[in-house]
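Undergrad: Below is a structure I'd like to ask you about.
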Amino acid sequence: MGQAARYYIWRKSAGPGWLLRNEARLTAATAGSFAIIERPGRKRIGVEATCGNVAGAKRLVQILGGKSEQLPRDWLAYFAKRNASAPLRVGSRLIITESARVLTRPTLIIPAGVAFGTGEHATTAMTLRLLERATRGLVPGWRMLDAGTGSGILALAAARFGAGEVMGIDHDPLAIATAKRNARANGIRVVNFAVADVEHRVAGKFEVITANLYSELLAKVLPRFQRALVGDGTLLLCGVLRSQERGLLRALRSSEFRVEETRRRGKWVALRAIARA
């Protein structure tokens, strides 16, 4: 039997201005696959990215500073214990928790993972609530594309909200492995997770598209999203910094989207837009 793959994590603690000054370098070095960790009451942020080998981790340290370490083989259990938090309530239809427990409404179990999203981060929580509101009136069986799926939390929430088919894509194999594990843990079979490039893997029609992509890539693929949505379909954007909001609004208008709702928390923005027929 072959040995299980080993992964590495790169981390950096930074002040509020570091991300604004270094976003382009960070995006290029990690191919857009990084996470921002904020803690209530703390001004400094944490930046994390996973690597499939030690050379990649060392390269990030050389380019961006910080430090790297090898993840333990039981890294999911390790981070679940380290990052345990209270359940997240999403409207009246869903509770997201990190461990199995008896609850009074539909539940998703998403263990605290590495750089992929458990719902605790402000931008993920905002988007989950936008998704819950946007899908209330849809007839069960609707389709969704989740671009930059990470842990799969939005794709799996869509299944709980009545989606009949969800495609979750990410270019990071570790993210997709995590998302598939989360789907199995929740007994969800209507979501298809795949390692894919969003610029080349948008096929079919969807009632809803969610996207957690860095701003340059997002602006590039907006016309593709517009064509993939059914008439008046919904686009939900997360992971947007306030400093990027104005430029993103211009890109949305030029791609025939109408912004219906904007949520802000701290430096983060989440948007709900409608594809114009």
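The values are calculated or read from the model by the stated rules, or taken from the named source; none is laboratory data. Fair warning: this is a prediction, and the values are worked out from it, not measured in the lab. Every residue, glycine among them, receives a Cβ derived from its backbone with ideal geometry; neighbour counts consider all protein chains shown. Note: areas computed on protein heavy atoms with side chains; ligands, DNA, RNA excluded. Shrake-Rupley method; radii C 1.70, N 1.55, O 1.52, S 1.80 Å.
Undergrad: So which of Val221, Val190 ends up being under 21 Å from Leu26 (Cα atoms) and either crowded, with 16+ Cβ neighbours inside 10 Å or hydrophobic (A, V, I, L, M, F, W, C) (or both)?
TA: Checking each option against the conditions leaves just Val221.
Undergrad: Closer than 24 Å to Thr30 by Cα, in a strand (DSSP E or B) and hydrophobic (A, V, I, L, M, F, W, C) - does that describe any residue in the range 170-187?
TA: Looking for residues that are closer than 24 Å to Thr30 by Cα, in a strand (DSSP E or B) and hydrophobic (A, V, I, L, M, F, W, C), one finds none in the range 170-187, hence no.
Undergrad: Could you tell me whether any residue of the range 212-227 is assigned to a strand (DSSP E or B), under 22 Å from Val139 (Cβ atoms) and modelled with pLDDT of 90 or more?
TA: no
Undergrad: Let me ask you something else. For the range 188-198, what are the residues that are modelled with pLDDT under 90 and either over 14 Å from His171 (Cα atoms) or acidic (Asp, Glu) (or both)?
TA: The one that is modelled with pLDDT under 90 and either over 14 Å from His171 (Cα atoms) or acidic (Asp, Glu) (or both): Asp197.
Undergrad: Continuing with this model, one more query. Restricting the search to the range 246-277, which residues are of a type in the set (D, E, K, R), more than 17 Å from the chain's Cα centre (by Cα) and open to solvent by 50 Å² or more (accessible area, probe 1.4 Å)?
TA: Correct list: Arg246, Arg250, Arg253, Glu256, Arg258, Glu260, Arg276.
Undergrad: Which residues, taken from the range 198-225, are hydroxyl-bearing (Ser, Thr, Tyr) and under 16 Å from Gly247 (Cα atoms)?
TA: Across the range 198-225, the qualifying residues are Tyr214, Ser215.
Undergrad: Pairs under 7 Å by beta carbon, first residue closer than 15 Å to Asp172 by Cβ and open to solvent by less than 50 Å² (accessible area, probe 1.4 Å) in the range 23-51, partner in a strand (DSSP E or B) and modelled with pLDDT under 80, six or more apart or different chains?
TA: Glu48/Ala35; Glu48/Ile37
Undergrad: Among residues belonging to the range 229-245 that are surrounded by fewer than 22 Cβ atoms within 10 Å (Cβ to Cβ) and at pLDDT below 90, point out the one that is farthest from the chain's Cα centre (by Cα).
TA: Only one residue tops the list, namely Gly231.
Undergrad: Counting only residues that are out of contact with any Phe, Trp or Tyr (no Cβ under 9 Å at 6 or more places or on another chain) and at pLDDT 90 or above, which one in the range 199-211 is surrounded by the most Cβ atoms within 10 Å (Cβ to Cβ)?
TA: Thr210
Undergrad: Of all the strands (runs of 3 or more DSSP E) wholly in the range 66-162, which have at least 3 residues that are crowded, with 17+ Cβ neighbours inside 10 Å and at pLDDT 75 or above?
TA: 143-147
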